[in-house]
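Heads up: the structure comes next, in structure tokens.
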Amino acid sequence: MIIEVIKDPEYFKTILQEHDKEIQIERRQGTQLFIHADYKVAYGMGEKFNALNQKGKTVQNQVIEKFCNQNEASYFVTPFFVTDAGFGIFIDTKEKTQFIFQENISCEIPSNASVTIFTGTIEEIVQDYIRLTGIPKMPPEYAFGVWISANWWNCQSVVEEQLEKLNKYQLPASVVVIEAWSDEATFYIWNGAVNTPKTEGTTLEEFDFSKSSQWLDPKGMIDQLHHAGLKLVLWQIPVFKKQDNDEIISEQLSLDKEHAVSRQLCVMNQDGSPYEIPEGNWFAGSYIPDFTREETKEFWFNKRKYLLDMGVDGFKTDGGEFIYRENILFSDGTTGKEGKNQYCQDYINAYHDFITDQNVLFSRAGYVGASKTPILWAGDHQSTNQELKNVLIAGLSAAMSGVIFWSFDIGGFAGDLPSMDLYLRSTQLACFCPIMQWHSEPLGGQFKELMSGMDSNNERSPWNMVSTYKCPELITEIKFWHDLRMMLMPFIYSLAQESVFTCKPMMRPMGYVCQKDERCLAISDQYFFGENMIVAPLLEENQRQRELYLPEGSWFGFFSRKRYDGECDLISDEQEKFPVYIKSGTTILLHVEQNFKILLFGENGEDTLNIENQRIQITWEEGKVIMKGGEGINLMCEFVF
């Protein structure tokens, strides 16, 4: 519950909680917030890679682009936290804020920022924050299948080759992401296509592909992908690029930049010149579009509308962390001081408004309101076990910051290829995440001087892993998890719908679901996937068993079907192919060989399922099942007890 929004610079209030603990909140001189409370955990603050619980830490709430090993840095931040003491705080500001989580909590905030105080359980407060800042949008069903991607897929023949390999190894997938598809100048023209440069928007018919060595028929390729059941997502970046001296100058880009500057469609310096990304940063010297201006959005998306018209299914909205100076200006009056955090969300909001309900976004950065512009992915990480631990923490802290749909790169993105074992364990983890996808950096490494790839062999595809390590049996194991993901699609899609409707994240820290269990509050290496499934990832090299904790209730191993009593520590059984546990009384809906199969865990229970737009009520007890609804649907039931 939101109990108050405060702007008074001399505010002071004592909140009496149901458990008879006092919480004192004091605002001094408008820029200092002091909170005196007895709390154990503080979740939130964005996608934090260093810890789920921020108690004991000082948090700089600022969007930062950092390549690998982010530690305290984050692409997605938000000035919101929630505690186990019955309260949460949201600072409504675009500017940088600082939070110090010690025995008590203090915040340095802008004098014009309002402070929203929430009370309730962790679950209730996160729900209220999401409802306040951005009601989630439901991605299309295909988004919950398997995504495949590699940066170097840069021509039609290579993309078609991946389709052939999916067929060869009988690996299911639902989305293909192409990053290196464009001319690397405008980032909206297919590489090799020829058109007559102009300021206005364009259509597919205006491009000549006959002499392209990369994309002879991209529309035909998209149709081919669609026929195979695959959707296409294209990479985007919000820049009017500065071309290097060794590049062929793009007449279309030059015309676009000239128009953008003359109409002030890009972010501007105070002297009226266009702001340039400073040296030493990604896309240095480039201008960036000002998405606070309606004319900018109209100009920008008139150039890209033809992509949707030809069947492109969505965009990977990369970057957006390009504000490095405080004295620059946006058309809505925002300065660079505010835009440091806000710009990336304005960029993603603009794409969100451009696409349809059947399209997807896949974004790295974000700010307040990110819950309504899905999907967030964790960005760039090395292929190490420590980074796998980091991204798990990031996913859980993002969930506590309002993000419902989240993903990471299976096996990591950068540096040497992951070991086969790391690749397998991260595939297993991804199978039980909102979005499952593998991706990898350019051949040779994105930052060769910092982190070269293994002999320029960077692709994290299953078939490249098999070829590199000369281990054909690996493809069988990876296929098992790809197949399982597709079998789980009805369960995952239903969970996604429930998450949108209730404003609850799909991945939930143990303390979010079981707040009254102090053991759960301290756990950050296992999580709930929904309300009744616990996932305990294998995070160490060659790990096949691990210690974990099951809270109150009766639980069943998803793979072994063994029963476990709750409120206890245990070492996962080797028969658990991957440590996943289902609470008694739960249903798991699977899609098996064109039919639906319901796993009924426990001796009795009840649930309501949505299958093929039909609502089915199911009750089971002592081996008997009663179902209402579902006429004409082929359903199988399997008891697990």
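The values are calculated or read from the model by the stated rules, or taken from the named source; none is laboratory data. Note that the coordinates shown come from a computational prediction; the quantities given were computed from them, not determined experimentally. Every residue, glycine among them, receives a Cβ derived from its backbone with ideal geometry; neighbour counts consider all protein chains shown. Please note that ligands, DNA and RNA were not included when accessible areas were found on the heavy atoms of the full protein model with its side chains. Shrake-Rupley method; radii C 1.70, N 1.55, O 1.52, S 1.80 Å.
Computed values, structure above
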{"quantity": "Percentage of interatomic Cα-Cα distances in segment 535-589 larger than 13 Å", "calculated": "57 percent"}
{"quantity": "Antiparallel bridge percentage (DSSP; both residues within the chain; nearest 5)", "calculated": "75 percent"}
{"quantity": "Rounded if a/c under 1.5, otherwise prolate or oblate - segment 41-118, Cα gyration tensor axes", "calculated": "oblate"}
{"quantity": "Gained length - residue 469 relative to residue 24, 0.36 nm times residue gap less alpha-carbon distance", "calculated": "154.3 nm"}
{"quantity": "Summed residue charge, Cβ within 13 Å of residue 256's Cβ, Lys/Arg positive, Asp/Glu negative", "calculated": "+3"}
{"quantity": "Dimensionless Rg ratio for segment 140-279, taking C-alpha atoms and the 2.2 N^0.38 Å reference", "calculated": "1.24"}
{"quantity": "With all protein chains modelled, accessible area of residue 641 [1.4 Å, Å²]", "calculated": "120 Å²"}
{"quantity": "Inverse of mean 1/r across different Cα pairs in segment 297-444, Kirkwood, Å", "calculated": "16.8 Å"}
{"quantity": "Inter-centroid distance (Cα atoms) of segment 239-286 relative to segment 180-220, Å", "calculated": "21 Å"}
{"quantity": "Listed residue (54, 502, 536) projecting farthest to the positive dipole end of the chain, Cβ model", "calculated": "502"}
{"quantity": "GluC sites (Glu not before Pro) within segment 235-304, DSSP loop, no more than 11 other Cβ atoms inside 10 Å", "calculated": "279"}
{"quantity": "43 Å tail of the calculated P(r), the chain, as % of Cα pairs", "calculated": "23 percent"}
{"quantity": "Inter-part distance where segment 561-607 and segment 624-641 are each reduced to a Cα centre, Å", "calculated": "17 Å"}
{"quantity": "Low-density loop cleavage sites - GluC sites (Glu not before Pro) in segment 562-640, where at most 16 other Cβ are within 10 Å (DSSP)", "calculated": "567, 574, 593, 603, 612, 622, 631"}
{"quantity": "Accessible surface of segment 60-105 [probe 1.4 Å, protein heavy atoms]: carbon and sulfur percent", "calculated": "38 percent"}
{"quantity": "Prolate/oblate/rounded call for segment 542-641, Cα gyration tensor, a/c under 1.5 rounded", "calculated": "prolate"}
{"quantity": "Hz values of 3J(HN,Hα) by residue in segment 406-418 - Karplus curve (6.51, -1.76, 1.60), Gly and Pro given as x", "calculated": "9, 8, 8, 7, 4, x, x, 10, 10, x, 4, 4, x"}
{"quantity": "Segment 1-43 and segment 293-336: distance between their alpha carbon centers, rounded to Å", "calculated": "38 Å"}
{"quantity": "Axial C-alpha extent at least 15 Å, average Kyte-Doolittle at least 0.0 - helices from the chain (DSSP)", "calculated": "122-133, 385-399, 420-431, 489-502"}
{"quantity": "Point-charge dipole on Cβ atoms (K/R +1, D/E -1) for segment 133-212, about Cα centre, debye to 20", "calculated": "260 debye"}
{"quantity": "Length-normalised contact order of the chain in % [C-alpha pairs under 8 Å, at least 6 apart]", "calculated": "12 percent"}
{"quantity": "Solvent-accessible heavy-atom area per residue, rounded to whole Å², over the chain at 1.4 Å", "calculated": "39 Å²"}
{"quantity": "Under 15 Å from the residue 208 label point (7 Å along Cα→beta-carbon), backbone N, segment 173-193", "calculated": "192-193"}
{"quantity": "Karplus-derived HN-Hα couplings along segment 581-596 (A = 6.51, B = -1.76, C = 1.60, θ = phi - 60°), whole Hz, x at Gly and Pro", "calculated": "10, 10, 6, 4, x, 9, 10, 10, 8, 10, 10, 10, 6, 6, 10, 9"}
{"quantity": "Top positive-direction residue, dipole computed over segment 337-412 with Cβ charges, set 406, 358, 386", "calculated": "386"}
{"quantity": "Positive-end extreme of charge dipole, the chain - chosen from 116, 428, 468 (charges on Cβ)", "calculated": "116"}
{"quantity": "Simple spin-label estimate for residue 574 and residue 603 in nanometres, 7 Å along Cα-Cβ", "calculated": "3.2 nm"}
{"quantity": "In order through segment 69-78: 3J(HN,Hα) via Karplus (6.51 cos²θ - 1.76 cosθ + 1.60), integer Hz, x for Gly, Pro", "calculated": "6, 5, 6, 8, 6, 7, 6, 10, 10, 7"}
